Amino acid sequence: MSRTSRKNSWAPWRRAAVTGGAGFLGSHLCESLLHSGVEVDCVDNLLSGSRRNIAHLAGRPGFRFVECDVCAPGCADALTGPYDLVLHFACCASPVDYLRLPLETLDAGSLGTRALLAVAERDGARFLLASTSEVYGDPLVHPQPEDYWGNVNPIGPRSVYDESKRFAEALVSAHVRARGADAGIVRLFNTYGPRMRAHDGRVVPTFICQALAGKPLTVAGDGSQTRSLCYVDDTVDGILLVAASGAAHPVNIGGTDEVAVADIARRVLELTGSSSSVEFIERPTDDPQRRRPDTRLARELLGWAPQVPWEEGIKQTIAYFAAAQTAQAAQTAHAAQKSPQPLPQN
C-alpha cells in the first residue's frame, strides 16, 4: 500500500516542521503532509536518518530540507517558519542507536523537546511529541492503557531512551498546564515498513534481512515475548489524526494483533521462502515480555484503527528489502567492473 493512496486532504495545516524528517517514520510523515498540500520543513542532523529516505521528495514544491541538530543552539534560528504544526520525531529510536549514542538520545528528549516547544510557541503552532510504548517499560498491566504509569528501570541500558521520552512527556504536559500550549503526545507501538534500516536492532528488519541473506534468524530468549506490529501507513494516519484532534493527553497508536516474536520469525521464513534456521540468543536486559496497546481512546476520539494486516505489511516490507538488496548487489558488481584489472603476468 502506498502513501499516495491515502486520502489526507483534510489536513488543516499550511506549513509544518518535522524533526527527524529523514528517518524511517519522519520521511513517511513528510511525504503524507506534502501529499495533503502542506508545506514541509524536514529537519534532521542525519545521525540516524538518511538523505536516501527523502531523495524522492527533493525538488517537490513546498519541501525544504534543513540539516541541523535540534539540540544545538542555532538550529531553532534556522527554522524560520512560520509553522502551524511542529512534529518532534528527532530521536535515536532503535536499540542499536540509543545504546551507541546514549547522551545524544537523552538530549533529543530534553533539549530538543524544549527547543521545539519554543518554536511552536513562537508561531502559535500545534506541537506533537512522538513518544513510545517504552514509557510503559516491561508492563505489569496488559494491554497498556494511556493511564498506566509503567514499570521502567530508570538506570538500565534502555533507560536513556525510556526516560528521555518520559521526561519529554512531562515537559510537554508542563507546557500545557503552565503556559496553555497547544501540544499533544502520541505513544507509538512497534511501527514497521519500508525505509527501516537493515541493521537497526528491531525485530522486523532484522528477521527479514537475515532471511534474505540466508543467515539464521536470531530470536532473543525463547521467543515467547510479544509485539503488536503496526504498518507505517496506519501509524502515520494515526499521528496526523492526533495532531488534528487538539488532544493534550497521550494517545496510543499501534497494532491490536499481539504476536509472539518466534511466530514473527516463522512467518518471515515462510513469506521469504528462506531456508534459514532459527537461532535462540540471550535476551537483552529489560526487554519487555508483553507489548500491546489499549487503543480504545484512539478509536473513540479519532475513529482510528489499523487497516493493514501485519502479514500484508510484512510482505510490503520484504519487497522493499529485497529490492534494496538487489540494487546493492548491482551497484557492487558495477563498481567491480570499473575497478582497474591487474596486468597479466609474464
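The values are calculated or read from the model by the stated rules, or taken from the named source; none is laboratory data. Just so it is clear, the structure is predicted and the values come from calculations on it, not from any experiment. Virtual Cβ from ideal backbone geometry, glycine too; neighbours counted across all protein chains shown.
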Exercise for review: Take the residues in the stretch 235-259 that are polar (S, T, N, Q) and crowded, with 24+ Cβ neighbours inside 10 Å, then tell me which one is farthest from Glu134 (Cα to Cα).
Suggested key: Thr235
Review point. Exactly one of (1) surrounded by fewer than 16 Cβ atoms within 10 Å (Cβ to Cβ); (2) assigned to a strand (DSSP E or B); (3) in contact with a helix residue (DSSP H, G or I) (Cβ under 6 Å, 6 or more places away or on another chain) is unmet by Thr218. Its number?
Key: (3)
Check your understanding: Which of the residues that make up the stretch 57-88 are aliphatic (A, V, I, L, M), closer than 12 Å to Arg15 by Cα and outside any strand (DSSP E or B)?
Key -> Leu79
Review point. Restricting attention to the stretch 17-56, which residues are part of a loop (DSSP other than H, G, I, E, B), in contact with a helix residue (DSSP H, G or I) (Cβ under 6 Å, 6 or more places away or on another chain), of a type outside the set (A, V, I, L, M) and closer than 17 Å to Leu79 by Cβ?
Key: Gly20, Gly21
Exercise for review: Search the stretch 154-200 for residues being among the acidic types (Asp, Glu) and outside any helix (DSSP H, G or I), and hand back the single one that is farthest from the chain's Cα centre (by Cα).
Suggested key: Asp182
Review point. Which members of the stretch 150-184 meet the condition of being farther than 24 Å from Asp97 by Cα and either at pLDDT below 95 or among the charged types (D, E, K, R) (or both)?
Key: Arg177, Arg179, Asp182
Exercise for review: Could you please find all residues in the stretch 205-228 being under 22 Å from Leu29 (Cα atoms) and at pLDDT 95 or above?
Suggested key: Pro205
Review point. Any chance the stretch 256-270 includes a residue that's outside any loop (DSSP other than H, G, I, E, B) and polar (S, T, N, Q)?
Key: no
Check your understanding: Ala298: modelled with pLDDT of 95 or more, of a type in the set (Gly, Ala, Ser), within 30 Å of Arg158 (Cα to Cα) and touching a strand residue (DSSP E or B) at 6+ places or on another chain (Cβ under 9 Å), yes or no?
Key -> yes
Review point. Does Ser110 count as at negative phi, polar (S, T, N, Q) and either surrounded by fewer than 20 Cβ atoms within 10 Å (Cβ to Cβ) or over 21 Å from the mean Cα position of the chain (by Cα) (or both)?
Key: yes
Exercise for review: State which residue pairs qualify: first residue of a type in the set (Asp, Glu) and inside the stretch 199-220, second residue surrounded by fewer than 21 Cβ atoms within 10 Å (Cβ to Cβ) in any location, beta carbons under 6 Å apart, and separation of 6 or more residues or different chains.
Suggested key: Asp200/Ser94; Asp200/Val96
Check your understanding: Take the residues of the stretch 47-82 that are farther than 19 Å from Ser164 by Cβ, under 20 Å from the mean Cα position of the chain (by Cα) and among the β-branched types (Val, Ile, Thr): which is surrounded by the most Cβ atoms within 10 Å (Cβ to Cβ)?
Key -> Ile54
Exercise for review: Report yes if Asp162 is within 20 Å of Leu29 (Cβ to Cβ), among the charged types (D, E, K, R) and surrounded by 17 or more Cβ atoms within 10 Å (Cβ to Cβ), otherwise no.
Suggested key: no
Review point. Does Phe189 satisfy the criteria of being out of contact with any Phe, Trp or Tyr (no Cβ under 8 Å at 6 or more places or on another chain) and either more than 15 Å from Pro293 (Cα to Cα) or of a type in the set (D, E, K, R) (or both)?
Key: no
Exercise for review: Please state which of the following conditions Gly23 fails to meet, knowing it meets all the rest: (1) without any contact (Cβ under 8 Å) to a residue 12 or more places away in the chain; (2) crowded, with 18+ Cβ neighbours inside 10 Å.
Suggested key: (1)
